[in-house]
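The next block holds one structure in the form of structure tokens; read it before the comments.
The values are calculated or read from the model by the stated rules, or taken from the named source; none is laboratory data. Just so it is clear, the model here is predicted, and its values are computed rather than measured. Neighbour counts run over all protein chains shown; Cβ positions are idealised from the backbone, glycine included.
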Amino acid sequence: MGHLDVDFPEGTHAIGRLDNNSEGLLLLTTNSSITRLLFQGKEPHERKYLVQVKNKISLAALEQLRNGIEIEIKGGLPYTTSPCLINQVNRPNWLVPAQHEIPAHLPHSWLEISLTEGKFHQVRKMVAAVHHKCRRLVRISIENMSVAHLQPGEVEEINEKEFFSKLKI
């Protein structure tokens with residue numbers, strides 16, 4: 001899978017997805033029911049993202065994002081996002097620099113966004129709706145599964161009981 005030097009078991013697949021311009025937590029499993037339980041179940045599951053946007057973001061824009069904002073979804077249909085948790089944050093020390101990241105001396109903002117829904121490219125569309133360009137998008141957690149302790153490309157295997165517990169399924 002990808003360019004990881006790991007011998008994954010047959011039938012391993014990703015839960016959720018990351019587009020080509022995103023990075024961060026990617027869960028892999030051989031249990032085909034996990035995706036349905038996590039993303040299509042009755043209970044919403046939190047996904048948290050670290051987002052770098054071009055230029056400084058205003059308090060008014062943050063409030064718009066928190067309360068739900070209209071974006072365009074598949075087929076060009078308008079969709080109002082659910083309210084979410086969003087805060088302006090400092091760049092975490094554990095985050096490895098990336099080539100496409102805006103240098104510290106240029107105007108930018110880092111945001112931590114927690115969602116329980118995930119429309120196609122939702123985070124990018126949300127920040128674009130308040131006139132900011134997403135320069136870096138890192139999924140840092142799904143429920144209690146986090147990447148903060150892992151290096152890029154590092155794989156952590158956990159048993160199914162812990163996996164289900166951390167994902168609250």
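Points to keep in mind about this one:
- Scanning the range 88-99 for residues that are in a loop (DSSP other than H, G, I, E, B) and without any contact (Cβ under 8 Å) to a residue 40 or more places away in the chain gives Asn90, Arg91, Asn93, Pro97, Gln99.
- Scanning the range 38-71 for residues that are under 18 Å from the mean Cα position of the chain (by Cα), surrounded by fewer than 18 Cβ atoms within 10 Å (Cβ to Cβ) and of a type in the set (A, V, I, L, M, F, W, C) yields Phe39, Leu62.
- Selection count, the range 11-27, where residues are surrounded by fewer than 17 Cβ atoms within 10 Å (Cβ to Cβ) and either farther than 15 Å from Glu157 by Cα or among the aliphatic types (A, V, I, L, M) (or both): 8
- Subset tally (residues that are free of Cβ contacts under 8 Å to residues at least 60 places away in the same chain and either over 14 Å from Ile69 (Cα atoms) or assigned to a strand (DSSP E or B) (or both)) for the range 101-137: 10
- Any hit, the range 23-43, residues being closer than 20 Å to Arg124 by Cβ and charged (D, E, K, R): yes
- Of the listed requirements (1) over 23 Å from Ala148 (Cβ atoms); (2) touching a residue at least 60 places away in the same chain (Cβ under 8 Å), Pro83 misses just one: (2).
- Residue match in the range 6-18 (condition: over 30 Å from Ile169 (Cβ atoms), of a type outside the set (Asp, Glu) and in contact with a Leu (Cβ under 9 Å, 6 or more places away or on another chain)): no
- Close pairs (9 angstrom Cβ cut-off, 6 or more residues apart or separate chains): at pLDDT 85 or above in the range 24-40, among the polar types (S, T, N, Q) anywhere: Gly24/Ser141; Leu25/Ser141; Leu25/Ser146; Leu28/Thr12; Thr29/Thr12; Thr29/Thr35; Thr30/Thr12
The rows are residues; the columns are (1) in contact with a Lys or Arg (Cβ under 8 Å, 6 or more places away or on another chain); (2) within 21 Å of Gly24 (Cβ to Cβ); (3) assigned to a strand (DSSP E or B).
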| position | (1), (2), (3) |
| --- | --- |
| Lys42 | no, no, no |
| His45 | yes, yes, no |
| Tyr49 | yes, yes, yes |
| Gln52 | yes, yes, yes |
| Ala61 | no, no, no |
| Gln64 | no, no, no |
| Glu72 | yes, no, yes |
| Pro78 | no, no, yes |
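- Selection within the range 92-114: residues that are touching an Asp or Glu at 6+ places or on another chain (Cβ under 9 Å) and either at pLDDT 95 or above or hydroxyl-bearing (Ser, Thr, Tyr) (or both). The member of this set that is surrounded by the fewest Cβ atoms within 10 Å (Cβ to Cβ) is Ser114.
- Extreme residue, surrounded by the most Cβ atoms within 10 Å (Cβ to Cβ), among residues of the range 138-169 that are polar (S, T, N, Q) and part of a loop (DSSP other than H, G, I, E, B): Asn144
- The number of residues in the range 54-71 being in contact with a Cys (Cβ under 8 Å, 6 or more places away or on another chain) and without any contact (Cβ under 8 Å) to a residue 60 or more places away in the chain comes to 2.
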